[in-house]
Structure formats: structure tokens, C-alpha cells
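Report on the following structure.
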Amino acid sequence: MYQRNIDGSDVGKADMAAHSFDKTVLREYDIRGIVGETLNRADALAVGRAFGSVIRAEGGRTVAVGRDGRGSSPELEAAVVEGLVDAGMDVKRIGIGPTPMLYFAVYQLNVDAGLMVTGSHNPSEYNGFKMTLFKKPFFGERIQELGRIAAGATYAKGAGSAADVAVDAAYLDRLLQDFNSMRPLKVAWDAGNGATGEILQRLTARLPGIHILLNEQIDGTFPAHHPDPTVAKNLVQLQDAVARHGCDLGIAFDGDGDRIGVVDEQGRILWGDQLVALLAREVLAERPGATIIADVKASQVLFDEIVRLGGKPLMWKTGHSLIKSKMAETKSPLAGEMSGHIFMADHYYGYDDALYVAVRVLGLAARESRTMGQLRDSLPHRVNTPELRFDCDEARKFAVIDEVRARLQKSNAKVDSTDGVRVTTTDGWWLLRASNTQAVLVARCEAADAGGLDRLKAVLIGELKRSGITPPAI
């Protein structure tokens, strides 16, 4: 029996042949590539067989599988399910929806593993796979292990099964479970034509208030704008809707619903660290002394606010899988990244669910006498750069960080080496780290005023140049 690849070539099913992935697709946190170029049906089949083999080796047998709304997702989902069944897995297919619904299904169906077919916030030509095993992130070396299994064709073999299982109604009920205010709000929502669209329509129909929906039809070509709410230009349509309709706030999601973006009634963006700071007020009121985690790109304002509220701030490495793992280790009820991934274990499961976070933000806003803008302004003001990215050869990027760190340590600078180097001075702080997923260096600076920010940027540029990197003007 043979199947056909996206590129038209044959893929043998019965022989469970060895398979090599394109060198770019097995990434730190997921598997991702360009469909028809670096990722195709044969890859999906091999992912299913290899991941199923890992699950079997560790005593598991059941896996939930979901997919996003991209045009390539149905074919890739069918292939990965075929591979899982070949490896002896009993597969529960939950259909189209956001990645957090797949995470929810793992708990709701009590399965051993979860796999989501999604290109996340990437352009429409991308797709890939996110995985969990025994309710923990599956990332890093575990993803590389899939490549080795496929290359050696050391697959488990068995007679598995596949069945369609609906979890959407239960997921919707769970999203609403912790909403505890009936004060009506006027809210604009932008699903970005991503995988949250259908659930969002049903969710807002059950919330009090007036809800204006934008781009709520799932369309994997993303005709309105790129589905990433952490990029300011992608929020312009939402900001316009908030102004036009006189909304209390606006909420946006990325392509698969694990990143959130929020704007206040004035159209100003609340970034991930600001949202965590506001959510921490209610979380720490109920859980005094709890550890709240944020990545190294987060503002010092957040860490100071956690201390002010009686919590324990923990700065950790960037990466949603790394944050989730640290959260479980420290029993943290709340964590967040500048990338818009916000994780809630306070009354929830501890994974990044932008729809659930949106419900919690709405509840917070409805119970407050202040507007979202006033809540935003209650946080100390700082001036900062956006995330800055500098091209750097893959073979050099970590070496550059080591060189900068060594020079700083000799100068007795105040350096945090949790993830790259984060340097604190009398002006504020600056960060330089190597991306885990791209051939780039990532930087950010924050100061009390514009003059301080200029001085921090000058130091950062100087360190880059000393390591042979010529950055663009920042």
C-alpha cells in the first residue's frame, strides 16, 4: 500500500522505511517547516511513527491529535495519525481548533500524549507539530531523538486505532468556569483568521456585554494580517475597532491561540510583562508568597511589582517549553513571556492558553473600577526598545554571548547569566541572548528615561562590535 507525498512521490507504508528530515525542521520547541519545501507528508508520517515509538517505549499507548486551520493541516494530520497508528497508538482525533484545546484534551481524555498540527504564528506556507508527553512539554533533545529514530527506522510496530472525539464543548465550558463577574464590557476581538475563531464565536456568545469580532472565520491564508499579536502593526485593525466602537479593551490571538495581545480603551498595547503584572495582583492576593516567573526579556517593572505584591519573582530562560517546565518544578501559579505566551496554573492547568487568559483579563477588568488604561498607567513607566534582532551565523551566535559575558565579568559588571547576559546598570538594563530557533542574536534595553536608554544602547552596540557584529541602527 502506498500514499502520495505533497510533492507527488511515493511513500511506502508497509516497509516502515528510514526517513531523513530537512536539517531546519527539528527545532528546539517544535517541528516546523515550509510545506512542499522542507516539510511534507512523508515527514508527517515519520513524525507519527517516531513519536509513537517514544510513547510506546515509555509505557504509553494513547494520544490526542488536533490541527489548526491551515490548508496543509488536514493532509499532515492524516499522515501523522497514520504514523501513530503504525506504531501501535490509540489516537483520539479532536479536529480543528486552537493548540490549547489540544492541551486541554490531554487532560480531559486522560491520554498519555498530545500532538498538534500547527504552524503557530508563522505565515501560511509554514506548518509543523507541537507535542506533549505525560502532560509535560516535549522539546529540545527529545525532538532530536525523533530524527534519530526516523533515520534508523527503529520504529515500534503495532495495530493501533484512530477515532474522532469531540472536546470542544467541554473546553468551552472550562474556559468559562472561572469567569466570575457579570458587569458587561464592550470588547473587540481579533482572531486573526486563526484557529481560535470558531471557539471564540461560541465563547463571546456566552459572555455578558457587547462583543465585536474581527477575522473570526478560520482561514489559513490569513487574509487580514499576519497572525502574531506581539507585532504592533498586526494590532492596527483591533485598535481601530476599539476606537470606532468605544470599547473597554481589545484582545487578539495568534494563529494557534497560545499567544495573546491586548490593547486598552485608548488603543495602547499592553505587552506580555504588563499583563502578567496585572494578573499577579489577583493571583498573589489569593496565593501570598507564590513564585511568579517571567523570561529574561521582561521589564524590571514586573519583577519589582511581584516583590511589592508579596510574591517571589523568578527570571527564567525564554521559550514556552522551558517556562512550562520551570513552572511545574517551582509550583508557580503564573508565568509569562514577552512573546505573549502567558501560563496560568492558578485554577487552571499551567499551559499557555490565550483564550483562558483572555477570560481572566476580562474578569479582572469587569471587577475593577478603573479602566484598562488606568490599570496600565498604575505600573511604573519605563522607556525601552522592542525586541532587537541581529543576524549572526549559527556557528557564532553562542560564542558571541560567551565572549561578551567574559568581558563583562572582567569589568565587574552586574550580570545575570540565566539566558545570555542581562546587565544591570544605574540607567537600567540591557540584554543580549542567542535565539534557540534562528541564526540571530536577540537584544533589549530598558531605562528610566531616553538619555539612559541611549547610553544602554551604546554599550550594547559596543559589545557587539567588539565581537565582530555590526548591528543596524537602533
Checklist outcome for this item: Output for Cβ contacts, cut-off 8 Å, separation at least six or different chains, first residue without any contact (Cβ under 8 Å) to a residue 60 or more places away in the chain in region 403-415, second open to solvent by 50 Å² or more (accessible area, probe 1.4 Å) and among the small types (Gly, Ala, Ser), reads 405/417
Next on the checklist: Can you find, within region 436-456, the residue that is farthest from the chain's Cα centre (by Cα) among those that are in a strand (DSSP E or B) and not acidic (Asp, Glu)?
Outcome noted: 447
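When the residues of region 313-351 are filtered to those that are part of a loop (DSSP other than H, G, I, E, B) and of a type in the set (Lys, Arg), which remaining residue is surrounded by the most Cβ atoms within 10 Å (Cβ to Cβ)? Quick ask: steps written out before the conclusion?
As a first pass, look at region 313-351 and keep what is part of a loop (DSSP other than H, G, I, E, B): 317-319, 331-333, 337-341, 345-351.
Checking which are of a type in the set (Lys, Arg) leaves us with 317, 331.
Values: 317: 17, 331: 11.
Selected residue: 317.
Matching residues to (1) open to solvent by less than 50 Å² (accessible area, probe 1.4 Å); (2) assigned to a helix (DSSP H, G or I); (3) modelled with pLDDT of 95 or more; (4) β-branched (Val, Ile, Thr):
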residue	(1), (2), (3), (4)
8	yes, no, no, no
11	yes, no, no, yes
16	yes, no, no, no
28	no, no, no, no
45	yes, yes, yes, no
48	yes, yes, yes, no
55	yes, yes, yes, yes
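With the structure loaded, tell me whether residue 406 is surrounded by 14 or more Cβ atoms within 10 Å (Cβ to Cβ) and small (Gly, Ala, Ser) or whether it fails that test.
Working: surrounded by 14 or more Cβ atoms within 10 Å (Cβ to Cβ): no; small (Gly, Ala, Ser): yes.
In short, no.
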Checklist entry - How do the pairs read when you match residues in region 160-176 that are in a helix (DSSP H, G or I) with residues anywhere that are small (Gly, Ala, Ser) and surrounded by 12 or more Cβ atoms within 10 Å (Cβ to Cβ), using Cβ under 8 Å and keeping only pairs 6 or more apart or on different chains? => result 168/95; 168/97; 171/97; 171/105
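Could you list, in sequence order, the residues of region 221-237 that are touching a helix residue (DSSP H, G or I) at 6+ places or on another chain (Cβ under 7 Å) and not acidic (Asp, Glu)? It would help to see each step written out before you state the result.
At the first step, the residues of region 221-237 found to be touching a helix residue (DSSP H, G or I) at 6+ places or on another chain (Cβ under 7 Å) are 224-226, 228-229.
Those that are touching a helix residue (DSSP H, G or I) at 6+ places or on another chain (Cβ under 7 Å) and not acidic (Asp, Glu): 224, 225, 226, 229.
Looking only at residues in region 352-386 that are of a type in the set (Ser, Thr, Tyr) and closer than 24 Å to residue 300 by Cα, which one is least open to solvent (accessible area, probe 1.4 Å)? Break it down stepwise before answering.
Taking region 352-386 as the starting set, the residues that turn out to be of a type in the set (Ser, Thr, Tyr) are 356, 369, 371, 378, 385.
Then drop every residue that is not closer than 24 Å to residue 300 by Cα, which leaves 371, 378, 385.
Numbers: 371: 56, 378: 50, 385: 10 Å².
Checked region 352-386; the qualifying residue least open to solvent (accessible area, probe 1.4 Å) is 385.
Which of the following residues is under 30 Å from residue 319 (Cβ atoms), crowded, with 23+ Cβ neighbours inside 10 Å and acidic (Asp, Glu): 178, 190, 168?
On the way: 178 fails: crowded, with 23+ Cβ neighbours inside 10 Å; 168 fails: crowded, with 23+ Cβ neighbours inside 10 Å.
Selected residue: 190, the only one of 178, 190, 168 that is under 30 Å from residue 319 (Cβ atoms), crowded, with 23+ Cβ neighbours inside 10 Å and acidic (Asp, Glu).
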Checklist entry - Being in a strand (DSSP E or B), open to solvent by 70 Å² or more (accessible area, probe 1.4 Å), over 24 Å from residue 32 (Cβ atoms) and not acidic (Asp, Glu), is that true of even one residue in region 411-425? => result yes
Checklist entry - Quick one: is residue 310 open to solvent by 20 Å² or more (accessible area, probe 1.4 Å), in a loop (DSSP other than H, G, I, E, B) and touching a residue at least 12 places away in the same chain (Cβ under 8 Å)? => result yes
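Looking only at region 186-195, decide whether some residue is at positive phi and either in contact (Cβ under 8 Å) with a residue 40 or more places away in the chain or not hydroxyl-bearing (Ser, Thr, Tyr) (or both). Outline the logic, then answer.
Of all residues in region 186-195, those at positive phi come to 192-193.
Next, only the ones that are either in contact (Cβ under 8 Å) with a residue 40 or more places away in the chain or not hydroxyl-bearing (Ser, Thr, Tyr) (or both) stay: 192-193.
Checking region 186-195: at least one residue is at positive phi and either in contact (Cβ under 8 Å) with a residue 40 or more places away in the chain or not hydroxyl-bearing (Ser, Thr, Tyr) (or both).
With assigned to a strand (DSSP E or B), in contact (Cβ under 8 Å) with a residue 24 or more places away in the chain and touching a strand residue (DSSP E or B) at 6+ places or on another chain (Cβ under 8 Å) as the only criterion, which of 433, 376 stands out?
433
The values are calculated or read from the model by the stated rules, or taken from the named source; none is laboratory data. Treat the numbers as computed from the prediction; the structure is a model and nothing was measured. Cβ coordinates were reconstructed from backbone atoms using ideal geometry, including for glycine residues, and neighbour counts include every protein chain displayed. The accessibility values were calculated without ligands, DNA or RNA, using every heavy atom of the protein model including side chains. Shrake-Rupley method; radii C 1.70, N 1.55, O 1.52, S 1.80 Å.
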